[in-house]
Amino acid sequence: MRINRSIIAAASLSALALTSGCVTNPETGNRTISKAAIGGIGGVVGGYLLGDILGGKNDRTAKIVGAGLGGLAGAGIGIYMDEQEKKLREQTAGTGIDVTRDGDNLILNMPSNVTFGVDSSAISPTFQTTLSNVADTLSRYEKSYVDVLGHTDSTGSDAYNQSLSERRAESVANFLTNSGVQRARLATRGYGESQPIASNSTEEGRAANRRVEIKIVPIEQSDL
């Protein structure tokens with residue numbers, strides 16, 4: 001059953017950047033993935049899954065415990081993530097960053113046009129204030145794993161794109177660490193051009209694929 005749930009989550013994630021794939025609750029403003037979008041993706045499975053974290057929860061338990069971080073349980077998980085989501089939405093409103101909720105997990109999708117210059121892994125000065133605010137919230141809500149995921153479009157060689165995606169993910173992770181987010185909670189991975197969320201045949205699609213994502217997953221007491 002875990003495999004089936006993971007496949008469904010991965011299929012949902014591949015539609016995050018498609019406007020038609022998300023719906024907005026008019027009362028709360030929360031964006032979630034529509035059932036129609038999930039059904040339309042078929043069997044597409046990405047390289048990471050929404051309910052999972054990089055390296056696996058078991059492998060990161062020692063670091064989390066060593067950092068003195070506790071876990072969440074029961075209804076407290078949803079409430080904790082609700083509060084964190086609300087704060088992140090407030091901080092990123094109007095910045096071009098998209099915050100998506102799936103169950104108790106959050107994804108911040110940060111397109112490169114607001115985060116990095118062309119062919120650069122240096123965070124744009126205009127984005128640093130927003131990222132500092134995000135780091136502040138992540139620091140306050142410390143009972144969560146934070147994975148930073150780098151992606152590129154298909155322009156250039158596979159090897160170069162892989163390297164660029166890794167450098168961008170590490171750049172964001174380093175900024176978060178320097179802004180107070182405990183490194184034990186963080187992990188990074190670059191996916192190069194292997195995880196497109198739009199077609200690379202158009203400039204609009206390539207722009208959507210050039211992105212860094214921050215995935216936030218609650219630390220549950222059962223993980224520790």
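The values are calculated or read from the model by the stated rules, or taken from the named source; none is laboratory data. Quantities reported herein were computed from a predicted structural model and do not represent experimental measurements. Every residue, glycine among them, receives a Cβ derived from its backbone with ideal geometry; neighbour counts consider all protein chains shown.
Of all residues in the range 133-188, which are of a type in the set (Asp, Glu) and part of a loop (DSSP other than H, G, I, E, B)?
Hits for the range 133-188 are Glu142, Asp153.
Every residue in the range 187-211 that is hydrophobic (A, V, I, L, M, F, W, C) and surrounded by fewer than 22 Cβ atoms within 10 Å (Cβ to Cβ), please.
Ala187, Ile197, Ala198, Ala207
Could you list all residues from the range 71-103 that are of a type outside the set (A, V, I, L, M), under 19 Å from Ala135 (Cα atoms) and in contact (Cβ under 8 Å) with a residue 40 or more places away in the chain?
Within the range 71-103, Tyr80, Glu83, Gln84, Glu85, Lys87, Arg89, Gln91, Thr92, Asp98, Thr100, Arg101 meet the criteria.
For the range 161-214, what are the residues that are of a type in the set (A, V, I, L, M) and over 15 Å from the mean Cα position of the chain (by Cα)?
Just the residues of the range 161-214 that are of a type in the set (A, V, I, L, M), to begin with: 164, 169, 172-173, 176, 181, 184, 186-187, 197-198, 207-208, 212, 214.
Within the range 161-214, Leu164, Val181, Ala184, Ala198, Ala207 meet the criteria.
Right, Glu193: closer than 28 Å to Ala93 by Cβ, free of Cβ contacts under 8 Å to residues at least 60 places away in the same chain and not hydroxyl-bearing (Ser, Thr, Tyr) or not?
No.
Here is a list of conditions, (1) in a helix (DSSP H, G or I); (2) crowded, with 23+ Cβ neighbours inside 10 Å, and Ile214 meets all of them except one; can you say which number that is?
(1)
Tell me the strands (runs of 3 or more DSSP E) entirely within the range 7-126 that contain at least 3 residues that are modelled with pLDDT under 55, among the hydrophobic types (A, V, I, L, M, F, W, C) and buried (at least 17 other Cβ atoms within 10 Å of the Cβ).
Ranges flagged: none.
Return the residues of the range 160-174 that are small (Gly, Ala, Ser), surrounded by fewer than 23 Cβ atoms within 10 Å (Cβ to Cβ) and in contact (Cβ under 8 Å) with a residue 40 or more places away in the chain; say none if nothing qualifies.
Within the range 160-174, Ser171 is the sole residue that qualifies.
Filter the range 108-122 down to residues that are β-branched (Val, Ile, Thr) and under 17 Å from the mean Cα position of the chain (by Cα) and give me whichever is nearest to Leu164 (Cα to Cα).
Looking at residues that are β-branched (Val, Ile, Thr) and under 17 Å from the mean Cα position of the chain (by Cα), I get Thr115.
For the range 175-186, name all the residues that are surrounded by fewer than 17 Cβ atoms within 10 Å (Cβ to Cβ) and either farther than 16 Å from Glu142 by Cα or in contact with a Ser or Thr (Cβ under 6 Å, 6 or more places away or on another chain) (or both).
Once the filter is applied, which keeps residues that are surrounded by fewer than 17 Cβ atoms within 10 Å (Cβ to Cβ) and either farther than 16 Å from Glu142 by Cα or in contact with a Ser or Thr (Cβ under 6 Å, 6 or more places away or on another chain) (or both), the range 175-186 yields Ser179, Gly180, Arg183.
(1) in contact with a strand residue (DSSP E or B) (Cβ under 9 Å, 6 or more places away or on another chain); (2) within 23 Å of Leu88 (Cβ to Cβ); (3) among the hydroxyl-bearing types (Ser, Thr, Tyr): which one isn't true of Ser163, the others all being true?
(2)
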